[in-house]
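Remarks on the structure that follows.
The values are calculated or read from the model by the stated rules, or taken from the named source; none is laboratory data. Owing to the predicted nature of the structure, the values given are computational and were not obtained by experimental measurement. Cβ sites come from the backbone with ideal geometry, for glycine too, and all protein chains shown count toward neighbours.
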Amino acid sequence: MKLLLYSWKANNEQILADNLSKMGFEVLWFCKECRHYTRDMELAMEMIPFIHSREVEAVVSFNYFPIVSMICSTCRIPYYAWVYDCPHFTLYAKQITLPCNHIGIFDREMVRRLEDYGVETVYDVPLSVDAAYFARLQNDLSSPLLNYATQQRTAPGSPFKPAAATAGLTEGVISLADTILCTGTFDKISPPPRCWNRGGHGSLNVTGGLRHSCNGYFYEVGYRLGIVGDTYNNDVALNKLAKAADLYGLTETSGVEIEEYMPEISDTDAVRSAIGHGTNNFTTVGLARYVTTIANSGTCYNLTLVDKIQNLNDDYVAENEAQVRNHIDMDQSYWDAIHTGMRQVVEAKRYYADLDVNVAGKTGTAQFFPIDQLVCLCTNHALFISYAPYEDPEISVTVRVAYGYTSDYSAQIARDVYAYYYGLKDESEIVTGTAGTLERGAINAD
């Protein structure tokens, strides 16, 4: 029996094909992106002749595609889909009732709900596991079973500096006119932390501190936040930094409707915490909410993945949009100073010079310090938070490459995202099948 395996780059497709072959089936692969789950006529016009010319007797896929169901109904062959994602919104398309469907779903409750709607083409099929393969995934140091966007936390590094600037400005320990001298070493605490520019940056205001990502500037901000009378109080400084972080939603999960790790706000060493170290640990999606709040000058949203909800007849059940969590009441001149500093960060990146949309952002090369050690034993995390267009923001892009050496890697990935989103490059120009190389960057860039 000839089976067509519709491939959309799902996990374990090769394992499925191998097992079907062992069972005596002849497996033919059909690989093409599905651009619309119910109306991809380009996919249909290619798959139908393929089925007829090769005398395919059934189609198999991981997860359920309504357009493939329609194709199988047209060709009068069965369609076997195994759904391992949940929730899986395509199950609520009206094509699910087509008699060609044989849909196995591991979520028994979803099967029950669909059956309550009168759907007779779904079956309770528990997950099965290739034990050896699953063990390899569990032991893989890259943690492939984690959703890196929501389940990976690292120190943010320098992308935290706009939050520290917010704390400094709103608490009145710095002003827009103030300058702070960076000599390369901050000697008001022991051991004295160093700026990434060992020679120092000289005197900078808050915009310059962000533009040059000056550690010395923000060490001083963190220190001033803890001054009570004539004495430095570390806990007072930490509380003020946490208060500013909370304004940006960095003390809670972002709101997306999938599993997300809780952020961790630093509870030690306020001076180093002001540059995104200490014990600060955030997810990428948490940083995405943070930079979105910066981009719109103070409206912090609870993020959502849901645009709308429809029933089996394509009738709208509910519209959905992100809800406002809080507003940051801060003088517009403070926002302007932060925006300008972040725009200058990107203007200094030569690989952004030919991008026909203006981007503002903040790079970060965050170090990983094992517990009770002051020496970084691992490669740096590479981070970049950003938004565009700078003049009137529409989207934000946040990139983290854990143990990625330098923030220039993340900034260049974000550049390609902007180029694709704004139609400045085709996908084939960006996704070439080979690893990219660092363009005009520095291995220890901040």
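With the structure loaded, tell me whether ALA135 is closer than 30 Å to VAL346 by Cβ and either over 22 Å from the mean Cα position of the chain (by Cα) or outside any loop (DSSP other than H, G, I, E, B) (or both) or whether it fails that test.
No: the conditions fail for ALA135.
Given ARG76, ARG112, which one is out of contact with any helix residue (DSSP H, G or I) (no Cβ under 9 Å at 6 or more places or on another chain), exposed (fewer than 14 other Cβ atoms within 10 Å of the Cβ), closer than 30 Å to GLU55 by Cα and not hydrophobic (A, V, I, L, M, F, W, C)?
Checking each option against the conditions leaves just ARG76.
When the stretch 309-349 is examined, which residues are found to be loosely packed, with under 11 Cβ neighbours inside 10 Å, without any contact (Cβ under 8 Å) to a residue 60 or more places away in the chain and of a type outside the set (S, T, N, Q)?
Listed by number, the residues that qualify are ASP315, TYR316, VAL317, ALA318, GLU319, GLU321, VAL324, ASP329.
Could you please find all residues in the stretch 39-60 being of a type in the set (A, V, I, L, M, F, W, C) and in a loop (DSSP other than H, G, I, E, B)?
Of everything in the stretch 39-60, just one residue is of a type in the set (A, V, I, L, M, F, W, C) and in a loop (DSSP other than H, G, I, E, B), namely VAL56.
Criterion first (in contact with a strand residue (DSSP E or B) (Cβ under 7 Å, 6 or more places away or on another chain), surrounded by fewer than 16 Cβ atoms within 10 Å (Cβ to Cβ) and either assigned by TED's automatic domain parsing to the domain that holds TYR334 or not in a helix (DSSP H, G or I) (or both)) does PRO192 satisfy it?
Details: in contact with a strand residue (DSSP E or B) (Cβ under 7 Å, 6 or more places away or on another chain): yes; surrounded by fewer than 16 Cβ atoms within 10 Å (Cβ to Cβ): yes; either assigned by TED's automatic domain parsing to the domain that holds TYR334 or not in a helix (DSSP H, G or I) (or both): yes.
Yes: the conditions hold for PRO192.
Could you check the stretch 251-267 and list, in sequence order, the residues that are of a type in the set (Asp, Glu) and under 15 Å from LEU287 (Cα atoms)?
GLU252, GLU260, GLU264
Are any residues in the stretch 115-125 assigned to a loop (DSSP other than H, G, I, E, B) and exposed (fewer than 10 other Cβ atoms within 10 Å of the Cβ), and if so, which ones? Full working, then the answer.
Here is the first cut: in the stretch 115-125, the residues assigned to a loop (DSSP other than H, G, I, E, B) are 117-121, 125.
If the condition is that a residue be assigned to a loop (DSSP other than H, G, I, E, B) and exposed (fewer than 10 other Cβ atoms within 10 Å of the Cβ), then GLY118 is the only one that fits.
Criterion first (assigned to a loop (DSSP other than H, G, I, E, B) and not small (Gly, Ala, Ser)) does MET342 satisfy it?
No, not satisfied.
Mind listing whichever residues of the stretch 378-410 are more than 24 Å from TYR301 (Cβ to Cβ) and in a helix (DSSP H, G or I)?
SER407, ASP408, TYR409
What number of residues within the stretch 160-177 satisfy the criterion of being out of contact with any helix residue (DSSP H, G or I) (no Cβ under 6 Å at 6 or more places or on another chain) and either modelled with pLDDT of 95 or more or basic (Lys, Arg) (or both)?
4
Which residues, taken from the stretch 1-49, are at negative phi and of a type in the set (S, T, N, Q)?
The answer is SER7, ASN11, GLN14, ASN19, SER21, THR38.
State yes or no: is SER69 in a strand (DSSP E or B), surrounded by 15 or more Cβ atoms within 10 Å (Cβ to Cβ) and of a type in the set (Ser, Thr, Tyr)? Let's see the steps before the verdict.
Numbers: in a strand (DSSP E or B): no; surrounded by 15 or more Cβ atoms within 10 Å (Cβ to Cβ): yes; of a type in the set (Ser, Thr, Tyr): yes.
Against the criterion (in a strand (DSSP E or B), surrounded by 15 or more Cβ atoms within 10 Å (Cβ to Cβ) and of a type in the set (Ser, Thr, Tyr)), SER69 does not qualify.
Matching residues to (1) under 16 Å from PHE62 (Cβ atoms); (2) outside the structural domain of THR38 (by TED's automatic domain parsing); (3) small (Gly, Ala, Ser):
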| residue | (1), (2), (3) |
| --- | --- |
| SER73 | no, no, yes |
| TYR79 | yes, no, no |
| HIS88 | yes, no, no |
| ALA93 | no, no, yes |
| LEU98 | no, no, no |
| HIS102 | yes, no, no |
| PHE106 | yes, no, no |
| GLU109 | no, no, no |
| ARG112 | no, no, no |
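Check the stretch 197-205 and report whether any residue there is under 17 Å from THR365 (Cβ atoms) and either crowded, with 18+ Cβ neighbours inside 10 Å or within 25 Å of the chain's Cα centre (by Cα) (or both).
Yes.
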